[in-house]
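The values are calculated or read from the model by the stated rules, or taken from the named source; none is laboratory data. Note that the coordinates shown come from a computational prediction; the quantities given were computed from them, not determined experimentally. In this analysis, Cβ positions are derived from the backbone assuming ideal geometry, glycine residues included, and neighbour counts consider all displayed protein chains. These accessible areas exclude ligands, DNA and RNA; they are computed on the full protein's heavy atoms, side chains included. Shrake-Rupley method; radii C 1.70, N 1.55, O 1.52, S 1.80 Å.
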Amino acid sequence: MQHLGCILESMSRTEDREDAVFAALADRTRRQMLDRLFAAPGMTLNELVGNLHMRRQSASRHLKVLEAAGLVIVQWQGREKRHFLNPVPIVEIERRWTEKFSRTRAAALLTLKAQLEEEEGHDTQ
Amino acid sequence: MTRSEDATREQRFVTVIDAAGERVWEALTSPEFTCRYWHATRVRSSWQTGDPVEFLVEDGEVGCCGEVLESRPPEFLCYTWSFPGNPLVRHEPPSRVSFTLQTISDGRGASATRLTVIHDRFPEDSRMPEMVGPGWPLVLAGLKTLLETGRTPDYSSMT
């Protein structure tokens, strides 16, 4: 069996990464950048700046947040730094949360069913 | 085709998994693992260079297949990729998939594995990118969930 400390540490690291993804997505400009990279993969910073009508410095800062969250992958081609959307962290979060809530809903329905059946049992007695 | 157009046709996906590289490697190369997260397919290969790789669907038929180009456990795996099970791309020449596993440390003594999947060398006018593009994130998210929580993705809830 795994040591409890190890389990907690591994959880917190995954949760740290989830925090970074949620924080990165909690900004309209950054979501727009992801939309643009989805539509046109491999844009450089300059191309993104032109596309979004924003300041280079600001775009660069937002890109760093997206990179740190693993939502954008950078690839050097010669002297050009190209940016690609990495959808995996979004799918991971969607999976984890969707599954969590669908299980809760199923459990709630089962409880309701048990309660109703119990009441019905009382009524007929 | 220009260099940047070429780059847009390459598909690249990254995930970080809280598991040792050896476990990630095992999950990528053994049927007992792949059937639990990789669209319920069972992978079959000796993983020797030049040998076939086959992904068997439930009825034992081959869905996707390829040929091992390079295998260096637990760091790098590369094979060609064909999809004879799909009429849309059945007759296309093979593309190429590679898996790069890097150990990363969080500085607190624990380590995780960064898995990078690159799918490239699509033939001209290939329909494969649109087909596998949405699929890889699901496979990788399923792999991460399985190795970190032991849970198998619920395919019925997927759209």
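Just to confirm a number: summing +1 for Lys and Arg and -1 for Asp and Glu over residues other than B:Tyr37 whose beta-carbon lies under 10 angstrom from that of B:Tyr37, what do you get?
In short, +3.
Where in segment B:81-99 is the amide nitrogen less than 13 Å from a point lying 7 Å along the Cα-to-Cβ axis of B:Arg121?
Once the point is set 7 Å along Cα→Cβ of B:Arg121, B:81-82, B:93-99 turn out to lie under 13 Å by backbone N, inside segment B:81-99.
Can you work out ³J(HN,Hα) from phi for every residue in segment A:37-53, in order, using Karplus 6.51 cos²θ - 1.76 cosθ + 1.60 and θ = phi - 60°, giving whole Hz and x for Gly and Pro?
6, 5, 6, 9, x, x, 5, 7, 4, 4, 5, 5, 4, x, 5, 9, 6
Working from Cα positions, state the angle (0 to 90°, nearest 10) between the long axis of helix B:135-149 and the longest principal axis of chain B.
20
Of the heavy-atom accessible surface of chain B (probe 1.4 angstrom), what whole percent is carbon and sulfur?
Numbers: 3790 of 7820 Å².
Heavy-atom surface of chain B belonging to carbon and sulfur, 1.4 Å probe: 49 percent.
Which of B:Arg90, B:Arg12, B:Arg114 moves the most in a Gaussian network model of chain B with Cα springs under 10 Å?
In the Gaussian network model the winner is B:Arg90.
Restricting things to Cα coordinates, could you compute the convex hull volume per residue of segment B:6-155 in Å³? Mind showing how you got there, number by number?
Details: hull volume 17.0 nm³, N = 150.
So the per-residue Cα hull volume is 114 Å³.
Over chain B, what is the relative contact order in percent, taking alpha-carbon pairs closer than 8 angstrom and at least six residues apart?
Values: 310 pairs, mean separation 40.5, N = 159.
After rounding, I find 25 percent.
Just B:Ser95, B:Ser45, B:Ser105 to compare: in a GNM of chain B, with alpha carbon springs under 10 Å, which one fluctuates most?
B:Ser105
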